[in-house]
1. As a test of understanding, state the convex hull volume per residue of segment 1-102 from its alpha carbons, in Å³.
2. With a point put 7 Å past each Cα toward its Cβ, work out how far Arg46 is from Glu26 in nm, to one decimal.
3. Normalised by the number of residues in the chain, what is the relative contact order in percent for Cα pairs under 8 Å and 6+ residues apart?
4. Angle, helix 112-135 long axis vs. longest principal axis of the chain, Cα atoms, 0 to 90°, nearest 10?
5. Lys171: which lysines have alpha carbons under 27 Å from its alpha carbon, excluding same-chain residues fewer than 8 sequence positions away?
6. As an exercise, use a Förster radius of 30 Å and the Cβ-Cβ distance of Asp160 and Glu65 to find the FRET efficiency, rounded to the nearest 0.05.
7. Just want to confirm a number: the relative contact order over segment 1-102, from Cα pairs under 8 angstrom separated by 6+ residues, in percent.
8. Could you give log10 I(q)/I(0) at q = 0.15 Å⁻¹ for the chain, computed by the Debye formula over C-alpha point scatterers of equal weight, without solvent?
Amino acid sequence: MLLKEDLERIQGYLEGYDSARERLLECSRKAVRLAAWAMLQVHRMRLEEAGEALREVEDSLREMEESVKGYPELSSHPNALTAYQEYAEARFLYILAREDRLCRLDEVRVPSAQYLLGLLDVIGELRRTVLEYLKRGDPGSAESKLDVMEGIYEDLLSLDFTAAIPNFRHKMDAARRIIEATRGDVITELRRRSLEEAINDLYRSMDRLRVRGEG
């Protein structure tokens, strides 16, 4: 039979583990929710609100990390990894909007795999930004963000051993399709604007000829 003191010790560990897991779930859900809110504020160009939300996400992640100390197996819990990934995506989008650059790994402070997956996810958010620029009649800014999307994809395509990262290949395939669709949208808009300008030039030339003829 097991010693009573061993059973009590194991029971204490299990109780602590369950408490840490519950705290992890609470913190990770809050982080995911706030990260989504931050990205929404970035798209609305409310960068101050987005920054505040991201700071709350960071607090939740640090609290989550503190809660699982002593239980290393919880560090790779799916909810924790999702929280890191969503935060990375939101952080990338925020810094791109504010400083027009991508965050370094040591700035984001998440595991490398979640850094990469967050990069792939932000490609979808950047498509939304590109479409908004096209809607506003700003194809130059749309092209600039498309360049960022393509740059991310090309950089990640150069990595080896990515099969070790769950969902990486699937997200790469999705990113390629998103980029192709976005490139098509940008090209279509540029051609439309070029045709519109050519037609306007033609009308102006015809007006000048008509004025001369009347004179």
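Bear in mind these aren't lab numbers, they're just calculated from the coordinates by the rules spelled out. This is a predicted model, so every value here is computed, not measured. Note that each Cβ is placed from the backbone with ideal geometry, even for glycine, and that neighbours are counted across all protein chains shown.
1. Values: hull volume 8.3 nm³, N = 102.
Convex hull of Cα atoms, per residue: 81 Å³.
2. 2.7
3. On the way: 192 pairs, mean separation 33.2, N = 215.
So the answer I get is 15 percent.
4. 30
5. Here the lysines satisfying the reach criterion relative to Lys171 are Lys30, Lys135, Lys145.
6. Numbers: r = 29 Å, r/R0 = 0.97.
After rounding to 0.05, the efficiency reads 0.55.
7. On the way: 95 pairs, mean separation 35.1, N = 102.
After rounding, I find 34 percent.
8. With one equal scatterer per Cα and no solvent, log10 I(q)/I(0) is -0.98.
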